[in-house]
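Laboratory data are not the source of any read-out in this text; all were calculated from the coordinates shown. Just so it is clear, the structure is predicted and the values come from calculations on it, not from any experiment. FYI the Cβ positions are ideal-geometry reconstructions off the backbone, even for glycines, and counts take in every protein chain you see.
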Amino acid sequence: MKRFSAFCFTSRISKFHSHRKHNQSQIMAGNISDPSGSKGANILLNHDFSSGLSSWHLNSCSGYVISAETGAQGGNSMQLSANYAVITDRKKCWQGLEQDITDRISTGYTYSVLACVGVSRLSQGSSDVLATLKLEYHDSATSYLFIGRTSVNKDSWQKLEGTFSLSTKPDRVVFYLEGPAPGVDLLIRSVEINCSTPNNNVCYVLARLHPSCIFYKTSGRIFSWIQFVQALLNVLARLHPSLLKER
């Protein structure tokens, strides 16, 4: 009977690693920063407004970006060592800043949102800032998914946090920040949307490396360890045929 050599397998892992280095950027694009971790790469473009409002869209209002240098020189009360966007001329609470993320999200994953936000032109008290998803469908009405909310005082920065996941993929998915009362300016320092890997990180990494490898799950667990091992060997064999040899 032919036996699979464990030594052969382990001795070739280093070779396999070197052969797959060129795919590291592809894994990062798939929102995996560390297979053993739970936080992936930020899927938002120009998340810190270092390129002005590029990749962002103003939702029925006006806006501009204040650079760290400009804010410091002008004695701005919100000055800090970073750029931030100012969303102004808001006549409705829902008017704010948005970005289309349709091609950068997938169903079945949980995404975490973290934004640093503020307000100005607020006479007194505090104002709420919300993170929302707009879900557009060709054959049905547009729906909205609440992500998170934070209360912000004048001349202060606050964290806005939340999570979301989609069971079905809409035709268009738009992330946006909204909420302050009409006439109040919305300030945004940075925004992150990170993909949290599924509970079984090994399966997720393998699936990203080779999409044809499908894992059958029941109640969030692998249906069979035998199926898991077979899937693992199948992926490794497809990635590098000489990696697995019977001896």
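Okay, here's what the table says:
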| quantity | calculated |
| --- | --- |
| Other-chain or far-sequence residues with amide H under 5 Å of Asn83's (modelled H) | Ala68 |
| Listed peptides 56-63, 166-173, 111-118 by packing density, highest first (mean Cβ within 10 Å) | 111-118, 56-63, 166-173 |
| Solution diffusion estimate, µm²/s, Stokes-Einstein, segment 92-172, Kirkwood Rh from C-alpha pairs, 4 °C, viscosity 1.567 mPa s | 91 |
| Normalised convex hull volume, segment 57-196, alpha-carbon set, Å³ per residue | 105 |
